[in-house]
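The values are calculated or read from the model by the stated rules, or taken from the named source; none is laboratory data. What you are looking at is a predicted structure, and each value in this text was computed from that prediction instead of being measured. Glycine gets a Cβ as well: all are built from the backbone with ideal geometry, and neighbour counts include every protein chain shown. These area figures cover heavy atoms from the full protein model, side chains too; ligands, DNA and RNA do not enter into them. Shrake-Rupley method; radii C 1.70, N 1.55, O 1.52, S 1.80 Å.
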Amino acid sequence: MITAGADVGSKTVKVVILKDGKIAGKGIAIAGLEAEGAWENAWADALKEAGISRNDINKTVATGARLKEVKGFDEEMSMVTADAMAMHKLNPEIKTVLDVGAEEGRAIKVDKDGKVSDFAVNEKCAAGAGAFMEAMSRAMQVSIEQFGEEALKSTANLPINAQCAVFAESEVVSLVHEETPRPDICKAVCDGVSDRLASMARRVVVEPKVAFVGGAAKGMGLRRSLKEALELTEVYFPDDIEFVAAYGCALKAAE
Amino acid sequence: MGIYKTEPLKCWGKAKELRLGVYEGIKKARDNGTMIVAGGTESAIALPAGFDMDFLGGEPYGASCAFAGIQDPSWNRGLMEASEAASYPRDMCAYMRIGIGSLLSDKFVFGGKYPVPTFNLQTHICDTHGKWYQIMSDIEGVPYNCVDYVPYEWETENESEESKRLKRVYMKDQMLDVIDWMEKVSGKKFDDEKFINAVNWECESTSLWAQCCMVNQAIPAVMDEKMMYSLYIIAVLMRQQKAAVEFYKVLLDELKDRAARGIAAFENEKFRMIHDSQPPWHNLQIFRYLEQFGAVSIGAHYSFSLSGGWAYDKEQDKYLPAKAPKEAGVTLKTREEACDWYSEWLLAYQTLLRSLRYSGRGKHKRIQDIIDNWKIDGMMIHLNRGCEGTAVGQMELRRYLADRGIPALTYEGNLADVREFDLERTIDKIDTFMETVGLTKIAK
Ligand code: SF4
């Protein structure tokens with residue numbers, strides 16, 4: 001059986017193709033103002049890697065904030081359930097999943113059967129989401145990957161107090177004007193975002209093992225800060241961290 | 001065809017007539033220059049009832065403006081912007097901002113100019129309450145007074161009798177002072193008999209509303225929360241009047257009859273929910289949306305207690321409708337006795353107002369009581385940016401529910417400021433929540 005899962009996120013579209021339960025192809029494309037083009041591109045890459053055509057797919061399940069902008073899937077599911085299904089398959093010991101996408105952070109409690117027992121989503125403020133990290137890396141004139149590496153160089157504890165992304169950015173600007181070393185600012189941003197994520201995660205009661213997924217989870221600085229904020233000794237970072245929700249959708253399609 | 005039978009409430013029309021009658025009375029008083037008293041509806045509104053007056057309550061008025069804003073945004077965004085233009089910031093109570101906007105714009109949502117009262121009388125219960133009407137008075141140029149209100153602690157805290165006595169005396173003495181003050185600033189004579197009647201009726205009507213809420217323990221529920229909004233409002237607006245007592249007696253009979261006949265508020269009730277905090281008045285359709293999944297909100301600590309009198313029964317370890325003076329075998333004869341009883345009623349039995357002050361164990365116990373006795377499957381918590389009072393302890397409550405595996409959904413919004421509510425995102429959260437509790441949309 002061949003199934004597909006797709007995650008039409010605010011910033012990127014991800015497609016995963018499963019052939020008899022194994023990943024046969026993946027595709028990712030940046031969605032600009034129109035998600036449709038990215039949808040087609042992500043599909044093209046995934047199909048090419050799997051060496052099949054769209055007609056070979058038995059069923060497609062999709063999720064994501066911009067799902068309404070695309071056509072060509074059979075069923076939809078929530079990001080929360082998609083993440084839970086995927087993580088349970090990847091590591092059945094995972095009890096808590098933190099997913100930080102471009103515009104939203106989610107904390108998900110997963111029961112022993114891989115079902116969602118509770119979830120929390122960050123509310124309107126972007127300060128707990130990937131878009132904020134990106135804005136900050138632009139402000140620091142480094143790539144998002146370099147931003148994390150810079151943060152790892154610092155051990156300073158500079159507080160960013162604002163709960164709002166707009167005010168947090170102005171705090172960063174003040175730190176720049178005070179000629180604070182770049183690594184310290186990068187770490188302060190990672191710590192600030194982690195604090196917000198951690199307080200959201202505590203709403204669902206964080207239980208190990210914990211997995212950290214989503215685009216922002218690629219950042220090494222944020223990984224370290226989050227681990228510290230939640231006082232965890234171990235956090236699980238799956239391979240293909242951005243594809244987790246799409247993988248969950250493909251699993252659902254195969255059910 | 002649903003699982004249960006349903007039918008409209010017979011006293012629906014009467015509720016509407018009474019509600020609109022309150023505002024018609026205020027308009028008439030404004031036009032004829034007779035006495036209007038304004039303040040929060042959680043004020044001790046039986047106090048000014050010692051005069052012939054019409055009472056304008058700030059919270060239901062704010063909710064009416066927010067609701068009117070669905071058709072005409074000038075009543076919502078427009079009034080908010082008017083208060084912001086006068087430098088009142090967005091993080092303040094949204095009812096207060098909408099009220100200030102209405103006053104500054106000199107527009108009354110029920111028609112004509114804003115009705116300036118003879119004086120404002122407020123209680124001080126949340127961070128905003130006292131200041132709200134102090135500011136209104138400054139703008140209106142009318143006298144202002146405020147009764148400080150320190151509710152008894154929740155039962156979980158074992159407050160000493162001496163502490164309660166002191167609070168009761170403190171409130172009673174303030175009430176007696178306020179009566180003298182009202183006579184002075186209005187130049188009118190306070191009628192003790194009218195006041196005593198108002199205290200009796202306020203206690204009776206709020207006890208009757210609590211009894212109505214008790215009937216909702218039935219499966220299926222006889223009222224959903226949307227209905228409650230139109231029913232508890234009578235007590236919010238005019239609980240100190242005999243007409244409110246009469247209305248709730250009729251309603252109680254009708255609800256009991258519905259329960260006996262298995263008449264549901266919602267024909268497909270499968271998943272019973274409660275809500276926390278005031279709803280976003282401008283977007284009540286979220287409650288209808290729940291119904292697509294067979295879920296229905298059948299109440300809230302807020303809707304039960306805003307105008308409900310609830311007493312903790314130690315033996316049964318439950319909250320039950322509090323006994324009004326007559327039922328308790330008490331005859332109020334003097335102004336002092338009425339002030340004393342009235343203080344006790346507000347401090348001991350207005351449980352919503354306790355939760356504006358005290359978070360933690362007590363509120364959790366009351367919510368658990370509702371979950372157990374009203375057979376609740378899940379909770380919906382409005383993280384309400386427009387009300388700092390009901391926001392007290394919301395995240396602790398979220399954690400309490402999570403620790404006990406009780407499904408809970410949080411969504412962010414604002415009771416009156418439509419700019420702070422994201423319908424799409426809220427719907428998205430409801431979809432996710434329903435998926436996690438295993439509910440799918442009912443096929444039409
Ligand atoms: S309790 Fe809420 S709505 Fe009432 S005055 Fe306080 S902040 Fe405003």
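Summary of computed values
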| quantity | calculated |
| --- | --- |
| One residue from B:S137, B:S160 being within 21 Å of B:A82 (Cβ to Cβ) and of a type outside the set (D, E) | B:S137 |
| Of all residues making up the range A:81-129, the number that are modelled with pLDDT under 80 and open to solvent by less than 10 Å² (accessible area, probe 1.4 Å) | 3 |
| Residue match in the range B:401-412 (condition: in a helix (DSSP H, G or I), within 14 Å of another protein chain (Cβ to nearest Cβ), among the basic types (K, R) and away from the ligand (no atom under 14 Å from the Cβ)) | no |
| Subset of the range B:259-287 (residues that are closer than 17 Å to B:S303 by Cα, among the charged types (D, E, K, R) and more than 16 Å from the ligand (Cβ to nearest atom)) | B:R272 |
| Flag for B:S230 being under 30 Å from B:I298 (Cα atoms), away from chain A (no Cβ under 14 Å), more than 16 Å from the ligand (Cβ to nearest atom) and touching a Gly at 6+ places or on another chain (Cβ under 6 Å) | no |
| Number of the condition not met by B:S355 [criteria: (1) away from the ligand (no atom under 13 Å from the Cβ); (2) within 18 Å of the chain's Cα centre (by Cα)] | (1) |
| Given (1) open to solvent by less than 40 Å² (accessible area, probe 1.4 Å); (2) aliphatic (A, V, I, L, M); (3) more than 16 Å from the ligand (Cβ to nearest atom); (4) under 21 Å from B:M227 (Cα atoms), number of the condition B:I70 does not satisfy | (1) |
| Number of positions in the range A:205-214 that are open to solvent by less than 40 Å² (accessible area, probe 1.4 Å) and out of contact with any Ser or Thr (no Cβ under 7 Å at 6 or more places or on another chain) | 5 |
| Residues located in the range B:21-44, provided they are touching a residue at least 40 places away in the same chain (Cβ under 8 Å) and more than 16 Å from the ligand (Cβ to nearest atom) | B:V22, B:Y23, B:E24, B:I26, B:K27, B:A29, B:R30, B:D31, B:M35, B:I36, B:V37 |
| Among the residues listed as B:M395, B:M380, the single one being more than 16 Å from the ligand (Cβ to nearest atom) and either assigned to a loop (DSSP other than H, G, I, E, B) or surrounded by 22 or more Cβ atoms within 10 Å (Cβ to Cβ) (or both) | B:M380 |
| Residue in the range A:53-76 that is among the aromatic types (F, W, Y) and either open to solvent by 10 Å² or more (accessible area, probe 1.4 Å) or within 12 Å of another protein chain (Cβ to nearest Cβ) (or both) present | yes |
| Close pairs (8 angstrom Cβ cut-off, 6 or more residues apart or separate chains): of a type in the set (D, E, K, R) in the range B:383-401, more than 10 Å from the ligand (Cβ to nearest atom) and open to solvent by 40 Å² or more (accessible area, probe 1.4 Å) anywhere | B:R385/B:D91; B:E396/B:S359; B:R399/A:R202 |
| Hey, B:D377 away from every other protein chain (no Cβ under 11 Å), under 27 Å from B:V215 (Cβ atoms), charged (D, E, K, R) and free of Cβ contacts under 8 Å to residues at least 12 places away in the same chain or not | no |
| Given (1) away from chain A (no Cβ under 11 Å); (2) open to solvent by 40 Å² or more (accessible area, probe 1.4 Å); (3) touching a helix residue (DSSP H, G or I) at 6+ places or on another chain (Cβ under 8 Å), number of the condition B:C387 does not satisfy | (2) |
| Single unsatisfied condition, B:L346 versus (1) within 16 Å of the ligand (Cβ to nearest atom); (2) more than 19 Å from B:F195 (Cβ to Cβ); (3) more than 14 Å from every other protein chain (Cβ to nearest Cβ) | (2) |
| Exclusive hit being touching a residue at least 12 places away in the same chain (Cβ under 8 Å), surrounded by 23 or more Cβ atoms within 10 Å (Cβ to Cβ), closer than 21 Å to B:D224 by Cβ and not polar (S, T, N, Q), set B:L346, B:L306 | B:L306 |
